[in-house]
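Notes follow once the structure below has been shown.
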Amino acid sequence: MRAELLFGPEKLPVKLPEHALLLETTPAPVIPEPLRAVEAALAQPIGSPPLQELARGKKSACVVISDITRPVPNQLILPPLLQALERAGVPQEGIVILIATGMHRPNLGEELEGLVGREVAANYRIENHYCRRQGDLRLVDHIDGAPIEINRHYLDAELKILTGLIEPHMYAGYSGGRKAILPGISSLRTMEFMHSFQMIDHPRVTNCVLEGNPFHEAGEKVARLVGADFILNVVIDQKRRLTGVFAGHWQKAHLAGCRMVEKHAVHRLKERADLVVTSGGGAPLDATFYQVSKGLIMARNILRPGGTIVIACQCREGLGSPDYCGLIRRGLSAREFFRQFRDPANFVTDQWCLQTTYQAVDHAGRILVYSPELAASDLEGLGMEKIDDLQAAVDALLPDHPRVVVVPEGPYVVGLVEGKG
């Protein structure tokens with residue numbers, strides 16, 4: 001069997017035995033006229049009046065978009081959305097596009113232009129969300145004793161619109177919808193609750209699970225509290241082509257999109273693998289090792305305890321943020337990390353991502369990483385091994401790993417093990 005792992009903008013070929021189980025997204029029909037599909041969704045939304053009707057009489061609107069780490073086709077979906085607002089009478093100067101960076105870096109300059117398109121960048125006010133900039137945040141309530149602080153540009157807008165991509169998500173079950181608010185445009189203090197050790201440790205905080213998932217439920221609670229008038233979420237295929245458009249009520253339209261993703265991205269397995277060969281999801285997701293935790297936890301969830309993960313990730317921007325790098329270079333083992341950060345008093349930025357990574361490390365016997373951009377010392381500090389030859393590493397493992405699963409798309413495909421596994 002020949003599989004091609006997503007790796008930056010390219011694909012890495014790897015040969016596997018014929019008995020290996022290949023998990024891929026089930027192809028969904030590509031929408032032949034994507035622009036018309038977006039316009040139709042805005043005019044005939046799910047569980048909501050048309051966007052143009054909602055916008056009538058409004059003087060201001062905030063359109064929340066994902067940052068550069070998500071391959072949302074903003075250049076396709078933003079122009080018809082913005083045109084609908086202006087046809088309804090919302091003045092262009094009253095529209096702000098807010099980039100839901102969460103805790104990521106801002107998107108500026110040429111990167112910003114690439115994110116939204118030259119025309120939108122030149123003609124509309126665009127703001128990055130800064131989770132530490134207290135002047136841009138406002139306290140609206142508390143959740144489980146934690147402050148809910150949301151970006152004021154969103155709170156002050158008469159019309160609140162969320163956009164994004166629906167795909168499996170290792171904490172929220174599925175991305176999109178309410179996630180644009182929390183964590184997208186929330187404060188660091190709010191995310192200390194949302195990304196606490198206890199939250200990430202909850203067994204229902206996982207891929208493709210909504211019912212009983214406290215991460216998802218907290219996101220919905222905050223969305224109800226601060227309001228969301230309309231969403232425009234999309235589903236795309238491996239080649240970034242549009243396969244689904246879900247617009248309308250923030251909850252109903254999002255759920256419809258989640259059902260579509262489940263149909264095409266979820267595989268139910270009867271047993272766990274001895275070896276999982278996978279990827280970090282390719283560009284833009286695998287720009288840093290920070291995001292590769294998503295591919296690792298997907299692999300962990302279908303791997304037998306003590307099994308082996310081989311993951312390929314480009315990581316052209318290195319490990320990730322300074323906070324994340326600082327955590328890695330403390331040199332803690334997985335068990336030491338769990339003991340220290342179980343105490344909320346020890347909370348630090350980006351601990352949740354390393355917590356997820358260590359969940360995979362603690363479960364697996366070995367994790368081998370193919371990433372020419374990363375230093376062997378950094379990976380060894382995480383309890384992982386750097387490999388220079390992907391195929392040779394896989395070949396060496398095959399004799400002792402009879403049950404092999406390969407997931408070329410990484411976190412975009414979810415395996416759910418049924419029964420005892």
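What follows is calculated from the coordinates using simple rules that are stated; it is not laboratory data. Note that the structure is predicted; figures quoted are calculated from it, not measured. Neighbour counts run over all protein chains shown; Cβ positions are idealised from the backbone, glycine included.
Could you tell me the distance between the Cα centroids of the stretch 12-80 and the stretch 136-161, to the nearest Å? Each part's Cα centre sits 25 Å from the other's.
Quick check for me: using +1 on Lys/Arg Cβ and -1 on Asp/Glu Cβ, what's the dipole size of the chain about its Cα centre, in debye to the nearest 20? The dipole magnitude comes to about 760 debye.
Multiply the residue gap between CYS325 and ARG125 by 0.36 nm, knock off their C-alpha separation, and tell me the result in nm, one decimal place.
Working: separation 200, 0.36 × 200 = 72.00 nm, distance 3.29 nm.
The span from CYS325 to ARG125 would gain 68.7 nm if fully extended.
Which GluC sites (Glu not before Pro) in the stretch 15-110 pass both tests, a DSSP loop state and at most 14 other beta-carbon atoms within 10 Å? Sparse-neighbourhood loop GluC sites (Glu not before Pro): GLU18.
Restricting the stretch 74-181 to trypsin sites (Lys or Arg not before Pro) that sit in a DSSP loop and have at most 13 other Cβ atoms within 10 Å of their own Cβ leaves ARG132, ARG133.
Taking amide H atoms as placed 1.01 Å from N in the peptide plane, the amide H of THR278 lies under 5 Å from those of VAL310, ILE311, ALA312, VAL407, each 5 or more residues away in sequence or on another chain.
Loop-only check: which trypsin sites (Lys or Arg not before Pro) in the stretch 308-375 are DSSP coil with at most 16 other Cβ within 10 angstrom? When the trypsin sites (Lys or Arg not before Pro) of the stretch 308-375 are filtered for loop state and at most 16 Cβ neighbours within 10 Å, ARG316, ARG329, ARG330, ARG342 remain. A straight chain from GLU317 to ARG133 at 0.36 nm per residue would run longer than the Cα-Cα distance by 63.8 nm. A full extension of the chain between ARG204 and GLU158 corresponds to an added length of 13.1 nm, given 0.36 nm per residue minus the alpha carbon distance. Shape class for the chain, computed from the alpha carbon gyration tensor (a ≥ b ≥ c): prolate, with a/c not under 1.5 and a/b above b/c. Placing a pseudo-label 7 Å from each Cα along the Cα-to-Cβ vector at ASP362 and VAL30 gives an inter-label distance of 4.3 nm. In sequence order, the stretch 67-75 has phi-based couplings of 7, 5, 6, 10, x, 6, x, 4, 5 Hz under the Karplus curve 6.51 cos²θ - 1.76 cosθ + 1.60, θ = phi - 60°, and Gly or Pro positions carry x.
Label separation (GLU418 vs ASP400): 3.3 nm, computed from points 7 Å beyond Cα along the C-beta direction. According to a simple spin-label model (label point 7 Å from Cα along Cα-to-Cβ), what is the distance in nm between LYS59 and ARG87? Output for this residue pair reads 2.5 nm. For the residue pairs LYS160/LYS221; LYS252/LYS294; LYS11/LYS179; LYS11/LYS270; LYS11/LYS239; LYS179/LYS252, the alpha carbons lie more than 18 Å apart in LYS252/LYS294; LYS11/LYS179; LYS11/LYS270.
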